[in-house]
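Starting off with a structure, shown below.
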Amino acid sequence: MAGAIGVHAFYRVQWPAYAPVSLGVSMVTLVTVGWMSARHGRLYCNTLCPVGTLLGPISKFSLVKIRIDKEACRSCGRCEHLCKAGCIDVKTKTVDTDRCVSCFNCLSVCPDQAMVYQYDFQPRFQINTQSGQKIRHRKESVRSRRNFVLALAAGSFGLAAARGHAAPEMLPVQARPTTIPEKKTSPLSPPGSVSIARYNAICTACHLCVSACPSRVLVPSVFSFGLSGMMQPQMDFDAGHCNYDCTVCSNICPSGAILPLTVEKKRLTQVGVAKFIKENCVVYTDNTNCGACSEHCPTKAVHMVPYLNAAGRKLVIPEVDENICVGCGGCEHACPTKPFRAIYVDGNIEHKTARKPKEKKMEKDTGDDFPF
């Protein structure tokens, strides 16, 4: 904006990338956990947290446990009210050892010294260290474990935010909306992931690649990879396209889901193939030249060929060479047609190696001066 009025003292700053879906899921999770903690203590840890669920069965075999002396307990309910884990039932006078975290709050609040911390295989009599009295204990049946993380079936909440597609300058204005939808058979996994099956099995959805991607082409998926692949990054060409020489995501991935790639290998990694729908193209519908897809194609897999319209006017229209296409999405991102693009990238289930594009030789400089 400053450049428009002739001020060039400022330099361009790249805003940090953020993904609306992952941000929304994080906020919902934070609010849910906060609400559960404020209203119900350790409800999240006891029912949703996978770590707590796995540690619960282990605590069942603990040698030392908190138990209730049924003869001394008057069922006043103080211990049950104070227990953050919700593992004490004063009606049955039992302690759910699966959920108990041994905070000892119940021992300090009990007025009758009925809460005792003792060996699981205790003798018939034991001396209470606080009262010094001999207390009789009986083996109590351990309550069966709660159902294994039923709430996890609910999954994660996705808040998808609509993002506008910024069309390049000097593009033709579309006269009417397109009607033929794109037929994408597979989502696109990042270059270096080898295949979607391998990528889904290894990716931990840490989103380091999403935050590091300079063109913001990597976004968290919702159901593109199925329920088991929720939040795993995929390539989305609404916001940008994959830079031809960029290998940031493959160098930053900590899990090995995206293997490191050299620039030379990245240039030949085919993550998908561009598909052209002639009936959606403005050259066909509006009888005008465009060429935005060809201009943004780094390998020239999308090139313009002569086209004669119904009125006999000579135009040019895109054509795709699938052998040298790498699926970078430059053509899809640049295509101005809405709501369905005239050219899009369909993902490869297994990444392939594209053919190296032909390099044109530059004309030799004759050394002659310009005539002006």
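Please work out whether segment 207-262 counts as rounded, prolate or oblate from its C-alpha gyration tensor, where a ≥ b ≥ c are the square roots of the eigenvalues and a/c under 1.5 means rounded, while otherwise a/b larger than b/c means prolate and anything else oblate?
Values: a/c = 2.21, a/b = 1.26, b/c = 1.75.
Oblate is the answer for segment 207-262, as a/c is 1.5 or above yet b/c matches or exceeds a/b.
Q270's amide H: which non-local residues (gap 5+, or another chain) put their own amide H closer than 5 Å, with H modeled 1.01 Å from N in plane and none for Pro or chain starts?
K352, T353, A354
Still on this model: Keeping all protein chains in the complex and leaving out DNA, RNA and ligands, what accessible area do you get for S186 with a 1.4 Å probe, in Å² to the nearest 10?
10 Å²
I've got another one for you. Which far-off residues, 5 or more places away or on another chain, put their amide H under 5 Å from the one on K275, with H placed in the peptide plane?
Y344, V345, D346
Please report the accessible area of I58 (heavy atoms, 1.4 Å probe, ligands and nucleic acids excluded) in Å², nearest 10.
About 110 Å², ignoring ligands and nucleic acids.
Give the residue list of trypsin sites (Lys or Arg not before Pro) in segment 275-350 that are DSSP loop and have at most 11 other beta-carbon atoms within 10 angstrom. Please report the intermediate quantities before stating the final value.
On the way: sites: K275, K278, K300, R313, K314, R341; in loops: K300, R313, R341.
Within segment 275-350, the qualifying trypsin sites (Lys or Arg not before Pro) (loop, at most 11 other Cβ atoms within 10 Å) are R313.
On to the next question. Which of rounded, prolate or oblate describes segment 177-283 when judged by the alpha-carbon gyration tensor and an a/c cut-off of 1.5?
On the way: a/c = 1.99, a/b = 1.46, b/c = 1.36.
Prolate shape, in that a/c is at least 1.5 and a/b is the bigger ratio.
For the full complex of protein chains and a 1.4 angstrom probe, list E279, E332, E264 by accessible area with the highest value first.
On the way: E279 90, E332 5, E264 120 Å².
The ranking, largest first, comes out as E264, E279, E332.
Could you sort out which of K275/K356; K184/K275; K278/K352; K183/K314 sit more than 21 Å apart by Cα distance in this structure?
Beyond 21 Å between Cα atoms: K278/K352; K183/K314.
Follow-up question, since we're still on this one. When a/c reaches 1.5 or more, the comparison of a/b and b/c decides; with that in mind, is segment 252-367 rounded, prolate or oblate per its Cα gyration tensor?
oblate
Find how many whole Å separate the alpha carbon centroid of segment 184-204 from the alpha carbon centroid of segment 220-293.
12 Å
Also, I was wondering about something else. Quick one: 3J(HN,Hα) in Hz for segment 178-188, Karplus 6.51/-1.76/1.60 with θ = phi - 60°, rounded, Gly and Pro as x.
6, 10, 9, x, 6, 10, 8, 8, 8, x, 10
Pull out the extension gain between K184 and V33, defined as 0.36 nm times the separation in residues minus the alpha carbon to alpha carbon distance; nm, one decimal. Provide the component values of the computation, followed by the final result.
Details: separation 151, 0.36 × 151 = 54.36 nm, distance 3.72 nm.
Answer, rounded to one decimal: 50.6 nm.
From the phi of every residue in segment 220-233, what ³J(HN,Hα) in whole Hz does the Karplus formula 6.51 cos²θ - 1.76 cosθ + 1.60 yield, where θ is phi - 60° and glycine or proline is x?
Rounded to whole hertz, the list is x, 7, 9, 10, 4, 9, x, 5, 6, x, 4, 6, 6, x.
Place +1 on the Cβ of every Lys and Arg and -1 on the Cβ of every Asp and Glu in segment 237-319, take the dipole about the Cα centre, and give the residue among A301, L261, V283 whose Cα lies farthest towards its positive end.
The one lying farthest along the dipole's positive direction is A301.
Amide H neighbours of Y307 under 5 Å, at least 5 residues apart or on other chains, H built in the peptide plane: list them.
Placed amide hydrogens put L315, V316, I317 under 5 Å from Y307.
The values are calculated or read from the model by the stated rules, or taken from the named source; none is laboratory data. Keep in mind that this is a model prediction, so the values were computed, not measured. Glycine gets a Cβ as well: all are built from the backbone with ideal geometry, and neighbour counts include every protein chain shown. Please note that ligands, DNA and RNA were not included when accessible areas were found on the heavy atoms of the full protein model with its side chains. Shrake-Rupley method; radii C 1.70, N 1.55, O 1.52, S 1.80 Å.
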